[in-house]
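Participant: I am attaching a structure below and will ask some questions about it afterwards.
The values are calculated or read from the model by the stated rules, or taken from the named source; none is laboratory data. The structure displayed is predicted, hence computed values, not measured ones. Note that we place each Cβ from the backbone using ideal geometry, even for glycine, and neighbour counts take in every protein chain shown. Heads up: the accessible areas ignore ligands, DNA and RNA and are worked out on the full protein's heavy atoms, side chains in. Shrake-Rupley method; radii C 1.70, N 1.55, O 1.52, S 1.80 Å.
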Amino acid sequence: MLKTAIIVSVIGIGLYYFFIPFATGSCEYYGKERLDGKTVIVTGANTGIGKTAAADLAQRGARVICACRSMERCNAAVADIKRETNNVQVVAAKLDLGSMKSIREFAQMFKNTEKRLDILINNAGIGCRNVDKKTEDGFEDRMGVNHLGHFLLTNLLLDMLKQSQPSRIVCLTSLIHWTTTDLDFDNLANHTSTSSCDNYSRSKIANILFVLELSKRLKGTGVTANAVHPGLVQTETLRSARESEGFLATSYTKFMEVVFLLVGNDARRGAQTTVYAAVDPSLENVSGQFLARCKIDTPSPYARDEAVAKKLYDMSLKLVNL
Ligand SMILES: NC(=O)c1ccc[n+]([C@@H]2O[C@H](COP(=O)([O-])OP(=O)(O)OC[C@H]3O[C@@H](n4cnc5c(N)ncnc54)[C@H](OP(=O)(O)O)[C@@H]3O)[C@@H](O)[C@H]2O)c1
């Protein structure tokens with residue numbers, strides 16, 4: 001009896017402290033780098049991983065521009081971050097990544113008012129949902145916001161990133177990208193799918209392919225670009241999944257809610273790899289990489305295909321009219 005209790009306890013402790021943190025991508029970044037005098041943009045900074053990462057970077061002394069689509073939510077988050085960090089250099093700004101007009105206005109405003117850009121964190125994202133919605137410009141919204149919106153934003157800010165070098169671009173992706181093995185280039189921005197995570201996964205592999213090609217184009221400029229998988233993080237990410245239709249999809253969402261509740265990392269732990277990507281000195285010259293669990297990792301074979309990355313980049317340029 002005692003022997004069984006000991007074995008069960010050891011397995012339980014092992015699962016809780018080692019296997020689950022490993023499987024859910026948990027890590028802790030201990031670097032104490034300061035960012036005084038540096039300027040950072042975090043998209044989708046009003047909640048979840050974005051808000052926590054913005055707070056961490058503000059704590060390090062950075063001027064942080066929280067770029068969000070809802071100014072009400074943004075102002076509330078900025079007030080929280082200022083209170084937590086005592087950093088008054090935290091600013092709310094309007095950015096709807098589902099609108100090319102809004103992205104251009106944000107980039108112009110940023111260039112008119114800011115002197116430098118040291119770190120751009122492309123964090124905002126819409127998750128799994130088996131109902132497709134369109135952005136203002138008519139793109140399927142996961143590809144439109146998660147990839148094309150950030151693609152346009154990054155390109156519009158490249159000159160400032162280059163002027164401020166050494167500087168970094170960090171794009172949030174997901175391990176779910178492994179499920180995409182073909183981007184369907186004929187319908188890149190308007191792929192329809194009834195599978196909940198299909199279009200989300202496509203947008204997340206696009207994030208990795210984007211940094212792969214971008215890192216090549218940025219060689220020698222002092223600007224790096226890397227993709228980050230944050231782990232399984234209990235945020236508001238299941239909001240979109242709750243809009244799914246049908247018994248199977250709604251059951252899957254309920255199942256995922258339980259999984260997130262039981263084993264999901266909190267937002268602080270979920271932001272660790274993003275902070276690592278943004279500040280760790282060992283990554284100064286590392287570019288085009290996939291980072292997970294606070295280290296360099298290996299993405300799927302399709303995410304490493306350089307020809308696919310180039311094709312995606314060229315097609316994205318056309319779609320966002322660059
Ligand atoms: N949570 C996870 O387990 C997990 C796992 C892998 C990857 N990720 C990635 O991590 C990133 C952050 O996710 P999260 O879990 O923190 O999600 P979240 O809590 O749902 O936050 C998403 C953020 O994106 C913003 N956003 C959505 N659409 C936008 C738009 N059109 N324009 C501007 N901002 C927009 C949201 O703003 P509103 O509040 O106004 O909607 C919100 O601030 C995402 O890229 C996600 O794909 C998360």
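Participant: Please give every one of the lysines within straight-line cross-link reach of residue 254, meaning a C-alpha to C-alpha distance under 30 Å, and leave out same-chain neighbours fewer than 8 residues apart.
Facilitator: 51, 133, 134, 204
Participant: For the range 179-257 and the range 264-309, compute the distance between their C-alpha centroids and round to whole Å.
Facilitator: Taking the Cα centre of each part, the range 179-257 and the range 264-309 sit 15 Å apart.
Participant: Excluding ligands, DNA and RNA, what is the solvent-accessible area per residue of the range 1-125 at a probe of 1.4 Å, expressed in Å²?
Facilitator: On the way: 6540 Å² over 125 residues.
Computed with neighbouring chains in place, this is 52 Å² per residue.
Participant: Next question. Among 231-242, 259-270, 38-49, how do they line up by average Cβ neighbours within 10 Å per residue, starting with the highest? Walk me through the numbers before you get to the answer.
Facilitator: Working: 231-242: 19.2, 259-270: 17.1, 38-49: 26.9.
Result, highest mean Cβ count within 10 Å first: 38-49, 231-242, 259-270.
Participant: So, in nm, how far is label residue 266 from label residue 104 when the simple model puts each one 7 Å beyond its Cα toward the Cβ?
Facilitator: Output for this residue pair reads 4.4 nm.
Participant: Which are the unpartnered cysteines of the chain, meaning those with no other cysteine Cβ under 4.7 Å from their Cβ?
Facilitator: 66, 171
Participant: From the C-alpha coordinates alone, can you work out the Kirkwood hydrodynamic radius of the range 38-319, in Å?
Facilitator: Details: mean 1/r = 0.0537 Å⁻¹.
18.6 Å is the Kirkwood radius here.
Participant: Heavy atoms only, probe 1.4 Å: what % of the accessible area of the chain goes to carbon and sulfur, would you let me know? Walk me through the intermediate numbers first.
Facilitator: On the way: 8390 of 14750 Å².
That fraction is 57 percent.
Participant: Ordered by residue, what ³J(HN,Hα) values in Hz, to whole numbers, does the range 147-154 give under the Karplus form 6.51 cos²θ - 1.76 cosθ + 1.60, where θ = phi - 60° and Gly and Pro are x?
Facilitator: Going residue by residue, I get 9, 5, x, 5, 4, 5, 4, 4 Hz, with x marking Gly and Pro.
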